[in-house]
Structures are given as structure tokens and as C-alpha cells.
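Working notes, structure below.
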Amino acid sequence: MTANQTKYVMALDLGTTGNRALIFNSSGNVVAQVYKEFTQHYPKPGWLEHDPNEIWQDTRTCMQQVLQENNINANEIAAIGLTVQRETCLLWDKTTGMPLHNAIVWQDRRTANMCRQLIEQGKAPEINERTGLVLDAYFSATKLAWLLDWVKRENPNINLDNVIAGTIDSWILWNLTGQQVHATDASNASRTMLMNISSQEWDKQLLDLFGIPAHMMPQIKNSIGWFGKTDPALLGLEIPITAIFGDQQAALFAHGCDRPGMLKCTYGTGCFLISQSGEQLTRSDNQLLSTVAWTQAANSHSSKTVNFALEGAMFTTGACIQWLRDGLQLIDSAPETEFLSQQVQDTNGVYFVPALSGLGAPHWDMSARGAFLGITGGVKREHMVRAVLESIAYQVKEVVVAMNKDGNNIELLKVDGGASQNNFLMQFQADVLGIPVERPAILDATAQGAAFGAGLGIGFWDDYAKLVKNRQVDRVFEPGADTVVAQTNFEKWIQAVERAKDWIE
Ligand code: ADP
């Protein structure tokens, strides 16, 4: 069956908290989806691991279930697009197919000391020059170095020729293709701190610095392009895989942010504000990251086009809501935070610093930790919940300020992601920024980006601009009566952040 006889594109959105398979129709709308939340393993304070086998099993189950439950035949799927949580990485044995350790998640801080040593050795400027990134435990390089050390120590007889490495996209692609294809895309590779951002190739000097043998690394391919076909054992026939993006870059693509200055903010486990820089690599003076937005095959004069982006990454935002639910058991569900926050006029003087995994942009403080400040006897659960939501908006404001200092003039914030469903949070965001916040009808921009890329990659669609134009706006939140108070409180919150910094030795 050819691409034009097919009816759908499948997107696999493999996030930090859950995995999802979605089916998009020819208008670019979601017609079916299956989601499975998965286990977070916290072996020590500041550490976070995922079981790669659980991620793969759940991905497979979601794919099979979304077809079965909706009476969709696998031969109606034109292509699959994959988008994943970034930086999270693992090592596996290519002969057994088994991971050698759990995956180390992007939020994990176990390599903070390794980073500090590298900073002391003066390596940060060179790493920034080569990768566009700030030297931090967030990225994959030090995590892979830790994993490799662990494997050599715990399993000294292992044949390292059989060991291969990758971020979650590589692991899933390898499994989807029946263990045939070991590849990644440039947007995910740009988050490893091992890819040279100018050439989009693995950087020999950085591989040497972190002790990672080049043969372990996946091939870097275009984000929109041919990755391989699914193993027929999976869905009964082969389906092309024609797009891979990091989750934030996929959302940027879905929003239609393909020209310099266009930007979006995703509210998921963390918050990620990304601004398109076009085909020119730009660098920040305000602690933002330079990253690859996506690459794709070009026309006759060049082999590929590369789009770059500037990014402000805030590590734990939705994760703090999950912590209120699972860690503190202060709430039963994430959506409940909206109602609770509306029950009080303000936070009663409470400020929260969402540094559960240190602070990302614009502070980059691996030693910061979470804090509630300003608690007095009259403080109730509603105040604390509201303080957590407000802190998410304050963090985003800090990054908007940094982006503006870098020459942007942000007049409208386009949002998406799980926590952008929260009306209180979105209104407060508009108030504290003093600009409108625009929420689309489909909040799964990440999955939509992967679907758009895959459908365009296989020729199921041919007009990106039209797909983007078809997206509906759900609501625009305008700055309201509370703007002045919100902006005054922001200044106080900054002081709270200073107290939470530099906490861990
Ligand atoms: P990810 O892709 O990082 O897994 P999602 O975009 O799926 O994230 O969003 C999930 C996150 O959003 C969770 O951390 C959850 O706590 C938060 N979340 C979901 N719904 C709400 C809500 N109504 N209010 C606040 N936070 C929410």
C-alpha cells in the first residue's frame, strides 16, 4: 500500500512521566490515543532512573492498543514519528538486547561533582563553544561516562565492542526496527553534550574528554527523513519511521515556529521556552542554550538544512505538582491544584522555589534545592499549592527576561504541555509577564510535531504551513487586574531563589 492510500500518521510521544501512542488524521488532528504513566525510580536523593524495558514494553502496548481499540488497521498508517524526553540515556548490549543499567534521567544530579571538577579545570567555555550548552549534569555526556564506569566496575569481563549507547529515541528506534537501526536525530544528539553544534557530528575531542568510544554512539540523521521500518512482528507489517525529534523541538515544530524570533513554552515535567533562530547558529549572553531545532534533507545545493534555537530549560515545574501528589500527598490529582489555588486570595506570604533537581536557566545551580519560605501559623494547604503554581510562572518569567535581554521582544507566549491545562496557572502567567498567553486547542504539541514531521517526511502531507494554520486556539489569557501584585511578588520570589541556591556541598 502506498502513502496516499493510507489515512493516518502515528506519533509516539515518550515523555518523562508517561508514554503515549497517538493517531493523527489527514487534517492533522488527534483521533485516538493511549497513554501509560510509568515508574520513577529514586535510588538516592537527587538521583532519578527509568527502566528502559518498561519504556519499550509500554510503547509497544500503547501502539498495539491504540490500533485495536479504535479498529484501525496497521496498513492505514502512513508513517510513524517519534519524540522523546531528551538527555535521558542508557547503555545496552547489542547481542542480548538488554540494558546494562537503568537509564539515567535528565533530572538526575549524580554527576554534579564530575561537572564541578570539569568547571574547575576550565573546560566550561570550550564545551559551550563546541556544543552550545552550559556545562551541567543535565546533559547526557557525564551520565554516559558514569554508566560506562559502572559497567566496567560491575561487569569487568564484558566485551565493550558489544556495548552501545543512546538517548531514549535510539533505544526505541533500535527496538522498533527489530534491533536493526542504531541512530538518533540531530535535535536529540544536540542535547548529549557530545555533538558539535556547528557540524552536527560527534565531537572527537568531547568523546575523548568523557571517555566514550565513538563506536558506541548512534548515527546522527536528519530529524525529518528516513530512519527505517518497524519489525513486522510488532504490528503485522512494516511501517516507515520518518521523523525523530527531542520533545521540545517537536513542540516548536508543531507551533509553526520556523522563523527567527518565533517561540513557545511547554509546561510538562519541566518548562522549556524555545525560540527559533533560523539557519544561523546564535549564542546567548544570558545563560540560554544554543541547540538544534531540527534538520531535514534540503534541495539540490546542500545535503541538509539545519534550524537552530535558543532555549531556557527549567527542570522541575510539573514535577513539583507530581511531588505534591505522590511525595507529600497534599493533593489527589494535578488538575485539583487549579481549584485549590482559587480558594485563596494569595499565598499568605509563602514562596516556593521549584529546585527539586537544582536550578536550570538562567541560574544553572546544580546545588540548589527546593524550598518553601515565609511559612507562618495561618498557612493552609491551599496557600502552599498556590505557591507552587505561582513559582512555575515566576520561573518562566525569569527566562522570558533573559530571552528579551538577548534581543528578543516577546509580546505573546504560545504554550502547550500537560500543566498548560491549568487555567489559574495560565492567567497568573499572563499577569506576571504582562503579555497575553495563547493556548491551542490541542495541547499535545509535542506529539503533533512528531506526526507533522513523519507525515511530511513520507509525503502524506506536503504543506507544513497549512498544517500549522489548521491548528485552533483554545483561549488567550490577557494580563488582568492582578498584574501589578504579581509583578511585585515576583521580586520577592527572586529573593527566595537566592536563599535556596548553593545548598548542597
Ligand atoms: P511530560 O511530557 O514531561 O511527561 P506532560 O506534558 O505530559 O509532561 O505533562 C505532565 C505534567 O503536567 C505532570 O508533571 C503533571 O504534574 C502536570 N500537570 C498535568 N495536568 C496538570 C494540571 N491540570 N495542573 C497542573 N499541572 C498539571
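The values are calculated or read from the model by the stated rules, or taken from the named source; none is laboratory data. Being a predicted model, the structure only gives us computed values, none of them experimental. Neighbour counts run over all protein chains shown; Cβ positions are idealised from the backbone, glycine included.
So the values come out like this:
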| read-out | value |
| --- | --- |
| Condition met for residue 120 (closer than 23 Å to residue 359 by Cβ, exposed (fewer than 14 other Cβ atoms within 10 Å of the Cβ) and at pLDDT 95 or above) | yes |
| Those residues of region 188-230 which are part of a loop (DSSP other than H, G, I, E, B) and surrounded by fewer than 17 Cβ atoms within 10 Å (Cβ to Cβ), in sequence order | 198, 199, 211, 213 |
| Number of the condition not met by residue 253 [criteria: (1) within 14 Å of the ligand (Cβ to nearest atom); (2) out of contact with any Asp or Glu (no Cβ under 9 Å at 6 or more places or on another chain)] | (1) |
| Residue among 447, 496, 486 that is in contact (Cβ under 8 Å) with a residue 12 or more places away in the chain and closer than 21 Å to residue 33 by Cβ | 447 |
| Conditions (1) modelled with pLDDT under 95; (2) of a type outside the set (Ser, Thr, Tyr); (3) surrounded by 19 or more Cβ atoms within 10 Å (Cβ to Cβ): number failed by residue 465 | (3) |
| Matching option when the condition is within 16 Å of the ligand (Cβ to nearest atom), among the β-branched types (Val, Ile, Thr), part of a loop (DSSP other than H, G, I, E, B) and touching a Ser or Thr at 6+ places or on another chain (Cβ under 7 Å), among 331, 321 | 331 |
| Positions within region 210-261 being touching a residue at least 12 places away in the same chain (Cβ under 8 Å) and among the charged types (D, E, K, R), in sequence order | 221, 229, 231, 247, 258, 259 |
| Strands (runs of 3 or more DSSP E) fully within region 1-113 counting 2 or more residues that are crowded, with 23+ Cβ neighbours inside 10 Å and within 13 Å of the ligand (Cβ to nearest atom) | 8-14, 18-24, 77-84 |
| Selection from region 362-408 of residues that are of a type in the set (D, E, K, R), closer than 16 Å to residue 323 by Cβ, buried (at least 18 other Cβ atoms within 10 Å of the Cβ) and within 16 Å of the ligand (Cβ to nearest atom) | 386, 390 |
| Within region 409-427, tally of residues that are farther than 15 Å from residue 272 by Cβ, more than 12 Å from the ligand (Cβ to nearest atom) and either of a type in the set (Gly, Ala, Ser) or not in a loop (DSSP other than H, G, I, E, B) (or both) | 1 |
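Quick grid of which residues meet (1) in contact with a Ser or Thr (Cβ under 9 Å, 6 or more places away or on another chain); (2) under 23 Å from residue 268 (Cα atoms); (3) free of Cβ contacts under 8 Å to residues at least 12 places away in the same chain:
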{"position": "63", "(1), (2), (3)": "yes, yes, no"}
{"position": "75", "(1), (2), (3)": "yes, no, no"}
{"position": "85", "(1), (2), (3)": "yes, yes, no"}
{"position": "91", "(1), (2), (3)": "no, no, no"}
{"position": "102", "(1), (2), (3)": "no, yes, no"}
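For every residue, the table says whether it meets (1) away from the ligand (no atom under 16 Å from the Cβ); (2) of a type in the set (S, T, N, Q).
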{"site": "265", "(1), (2)": "no, no"}
{"site": "276", "(1), (2)": "yes, yes"}
{"site": "281", "(1), (2)": "yes, no"}
{"site": "291", "(1), (2)": "yes, yes"}
{"site": "304", "(1), (2)": "yes, no"}
{"site": "308", "(1), (2)": "yes, no"}
